[in-house]
Each structure stands twice: as structure tokens, then as C-alpha cells.
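The values are calculated or read from the model by the stated rules, or taken from the named source; none is laboratory data. None of the values given here were measured: they were computed from a predicted structure. Cβ placement follows ideal geometry from the backbone for every residue including glycine, while neighbour counts extend to all protein chains displayed.
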Amino acid sequence: MSDAFEKIKREEEELLCRSYSRYPLAIVRGEGSRLWDVDGREYIDFLSGIAVIGLGHCNPEVCAALEKQSRKLWHVSNLFYQEPQLDLARKLLSTSHHGKAFFCNSGAEANEACIKLARRYMRKVKKRDAYEIISLDDCFHGRTLGTLAATGRESLYDGFTPLPEGFRQVPPGDLDALKNAISDKTAAVLLECVQGESGIVPLPGEYLRAVEALCRERDILLICDEVQCGMCRTGKFWAFEHSGIKPDAISMAKSLANGLPMGAMLATDEMARGFEAGSHATTFGGGALASAVAAKVVEIMLRDDIARRAAEYGTYFKEKLQCLQARYPDKIREVRGVGLMLGVEFKNGAREIWEKLLEAGFICNLSHNVTLRLLPPLTIASEDLDKFHIALDEIVGASA
Ligand code: PLP
């Protein structure tokens, strides 16, 4: 490690809460699908700030929108009508069947909004004391206390209990378990159509349609967490579109403002009746600066059909990765995912492969130490996908 890196690392250990274990890298600059570290070394980014940089680092059009808005108005609070927020709402709502938008600052906050609206809708509109949220094992919905309870991973609870009541999990794919879990206290089912943090696990369309039918039959709400799998990443604007389901609400964040903190909930007009002025809010939500940037992101995604691009490039990349699986059946267990949200699971752990990739100049994520999680910018060039594939081939071929 260089002196420059060691200095940054030492200082960070001194100054920042130890809430994360970090990669051995100090990144100082980004452009498109490229990142540079403190020593000037170049990397190809297959992580995108964990599925955030959908349109590439420092996208010139997004930078221009940021600069323009930054000289006009940053923030006045949600006590005022603001055009950038309306512009974003119009654009976002044009992508789905929902009728109302709520803006916040992160994925966890977007899920909190969905959970709170579901509970309030049940109580105020349906006049039922239904509050329970059923989510799925291996899901991830955030780290606020409420979304941690929805996430249901004991390993993340350590030292944080008690968590809020009214959350339970069932195994994904098990419809009977879900049927048995639904009671007159159930307000909603919350799920990710493609589970991201658990290592890229797409839920089968048949299962999702059956869950939706069950929600309709039992008159409870269906909420899709699109924080990671949404915004074109899977090859459709929203991941729920692959199965044809129509969730009552969706949450989003990550690539919504291409790196500026921004989250949102879209809800049907019917479900949105659960909120009234004063029900729920956040100071920064829908601020002019973040909204103008997010509106530009959505505009570009629609104009350039980034979803179709992600589908095409994703199919191309997945086929290459599947060829590697066919070549190394004793090492690679599975290649899964859709669009540019792909996972490569290894039979004997993937940490060493991940480290070698980093040494070779490729940044990606490692889930549960066995799966390489690949989430490149949706604008990545096919040559960069080829470079990754060639490097992975060499590294896996040389591995024990
Ligand atoms: N939901 C999903 C599916 C996520 O992947 C994440 C973060 O990884 C979250 C929610 C939480 O988002 P945030 O970290 O912005 O609160």
C-alpha cells in the first residue's frame, strides 16, 4: 500500500465511526465507468457505488443540471411549492401505474414511507387495525430501526434491540408459508423482485404473480422495494414490470439522483389516501437541488432507453459469464440475475477471486463471501464487459 493510502486509512480509523469495513482503496476521481485511486491507478467500476451510479460517474448532463440548479435554488423546505419537485414527480409517475409521489433522502427512508403509509391506509381508510408487514428471508430493506425489523436478519440486530413490533419474514418462493403468515393484522407484503444484498436472487415471475393474487384476495397491500433493482438496472424501468404485477407502492433511491442522496415512494392514488398533510415528512425530501438532478436522471433514462440498453448489455454479459461457468463447472456454482444486475456464485468462496480482480483493476462487490455481485454503470461500454470477462477467466483458471 502506498504512503498516501496508508495516511488516509490511518486518519479515517481515527476520525470515523467504525460502522463499515472498507475496501483497501481510497478513490479520488470518477468518470463514466472509470475510477482513479489516490495513487492515480485506474479501475473499471462494476459496483457503481452499490448500484447508484446508473448513468456513470460525473455524467456531463447530470453535472450540468446540478450546476444550473445550484445557482438558482437549493432548498426552501417542503413548506413551499417547488417546480423541480413537480417536474420530477411528473417524470417518475410517467414510468408506472402509480398516481402519487413522496420524496425523501435514502432507500431506508423510502421504505419507511411505504411502511407508514401502509399502516395508516389500513387504519384510516380501511378502518382495520392492520399493521403487520410481511417480508422475505434474505431480503434487505435498510438500517433504520423499522427497516431493520423488516429486513429480519439477526446478524444485523446485534446490540440494537428492541426493534419495532409488527414485522415478520417468510421464506421466498414458499406461497403456503405466506398464506399461513397473513392474518387480520397484516397490512402489507414487502419484497424485492430481485434480492440484491443477498447476492442477486431474482424471484420467479410465477411466485410474484401468486403473491400479488394472494394480496388482492386477502385485501392487503403489495409493496415492491425497487431501491437496488429499480431504475432500469434489470432491463425494465422497474423490476416489477418483468412479472406484470402492479404493486400498490414502490420505493426507490440509489440511482435516482446518480449519487446525490435522494429517495422516493410512488403509491397508487388509492393507497396515498392514507396520508394527509402532516402525516409524514422529512426536511430535505424533494429539495430543489436533488429533485432537479433526479429529474435529469429520469429524463436521460427515458430518452436514451437505458432500460433496453441494460437488457441488451446484460444479456451479452450474462452469456459470457455463463460460458465461464461451463468452462469451470467445478468452481462456479451459478450465474444469475437480469439486466446489469448479475451475480456469479462460486463453490469454494469468492474472496480470493474478488481480491485478484481488484489487483487487476476491477471493482465489484462480494456477497456472503461466495458471490461476486456485478452492478456496473448502465452506460458501460461492451469493451469493458469483455475486459472483465477476460480477467475473470484468467483469474478463475489460475485459482486453486
Ligand atoms: N432496499 C434495498 C433493496 C437496498 O439494497 C438498500 C441498500 O442497499 C436499501 C433498501 C437501503 O437503502 P439506503 O442505504 O439508501 O438506506
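Where helices (runs of 4 or more DSSP H) sit wholly within the range 105-196, those with at least 3 residues that are in contact (Cβ under 8 Å) with a residue 12 or more places away in the chain and buried (at least 23 other Cβ atoms within 10 Å of the Cβ) occupy 107-120, 145-151. Looking across the range 262-279, just one residue is within 14 Å of ALA101 (Cβ to Cβ) and surrounded by fewer than 17 Cβ atoms within 10 Å (Cβ to Cβ), and that is ASP269.
Among residues of the range 285-323 being aliphatic (A, V, I, L, M) and in contact with a strand residue (DSSP E or B) (Cβ under 6 Å, 6 or more places away or on another chain), the one that is surrounded by the most Cβ atoms within 10 Å (Cβ to Cβ) is VAL297.
Selection within the range 208-235: residues that are within 16 Å of the ligand (Cβ to nearest atom), in a loop (DSSP other than H, G, I, E, B) and of a type outside the set (Gly, Ala, Ser). The member of this set that is nearest to ASP87 (Cα to Cα) is MET231.
Conditions (1) closer than 25 Å to GLU241 by Cβ; (2) among the aliphatic types (A, V, I, L, M); (3) at pLDDT 95 or above, marked per residue:
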site: GLU109; (1), (2), (3): yes, no, yes
site: VAL125; (1), (2), (3): no, yes, yes
site: HIS141; (1), (2), (3): yes, no, yes
site: TYR157; (1), (2), (3): no, no, no
site: THR161; (1), (2), (3): no, no, yes
site: GLY166; (1), (2), (3): no, no, yes
site: ARG209; (1), (2), (3): yes, no, yes
site: GLU212; (1), (2), (3): yes, no, yes
site: ARG218; (1), (2), (3): yes, no, yes
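Scanning the range 236-258 for residues that are more than 17 Å from LEU340 (Cβ to Cβ) and assigned to a loop (DSSP other than H, G, I, E, B), we see that the one that is nearest to the ligand (Cβ to nearest atom) is ALA253.
Restrict the check to the range 83-95 and report whether at least one residue is of a type outside the set (Lys, Arg), on the phi > 0 side of the Ramachandran plot and crowded, with 16+ Cβ neighbours inside 10 Å. Within the range 83-95 (the criterion being of a type outside the set (Lys, Arg), on the phi > 0 side of the Ramachandran plot and crowded, with 16+ Cβ neighbours inside 10 Å), the answer is no, since none of the residues qualifies. Of the numbered criteria (1) surrounded by fewer than 24 Cβ atoms within 10 Å (Cβ to Cβ); (2) part of a strand (DSSP E or B), the one THR282 fails is (2).
Looking only at residues of the range 197-207 that are away from the ligand (no atom under 16 Å from the Cβ) and outside any loop (DSSP other than H, G, I, E, B), we find that the one that is surrounded by the most Cβ atoms within 10 Å (Cβ to Cβ) is TYR207.
Look at SER48 and say whether it is surrounded by 20 or more Cβ atoms within 10 Å (Cβ to Cβ), over 18 Å from ALA292 (Cβ atoms) and within 16 Å of the ligand (Cβ to nearest atom). Spelling it out, SER48 is indeed surrounded by 20 or more Cβ atoms within 10 Å (Cβ to Cβ), over 18 Å from ALA292 (Cβ atoms) and within 16 Å of the ligand (Cβ to nearest atom). Of all residues in the range 207-252, those satisfying the criterion of being free of Cβ contacts under 8 Å to residues at least 24 places away in the same chain and either under 23 Å from ASP176 (Cβ atoms) or β-branched (Val, Ile, Thr) (or both) are ALA213, ARG216, GLU217.
Highlighted here are the helices (runs of 4 or more DSSP H) found entirely within the range 297-400 that include at least 2 residues which are of a type in the set (Phe, Trp, Tyr): 306-327. With respect to the conditions (1) touching a strand residue (DSSP E or B) at 6+ places or on another chain (Cβ under 9 Å); (2) away from the ligand (no atom under 16 Å from the Cβ); (3) not β-branched (Val, Ile, Thr), GLY263 lacks only one, and its number is (2). All of (1) touching a helix residue (DSSP H, G or I) at 6+ places or on another chain (Cβ under 6 Å); (2) within 15 Å of the ligand (Cβ to nearest atom) hold for LYS91 with one exception: (2).
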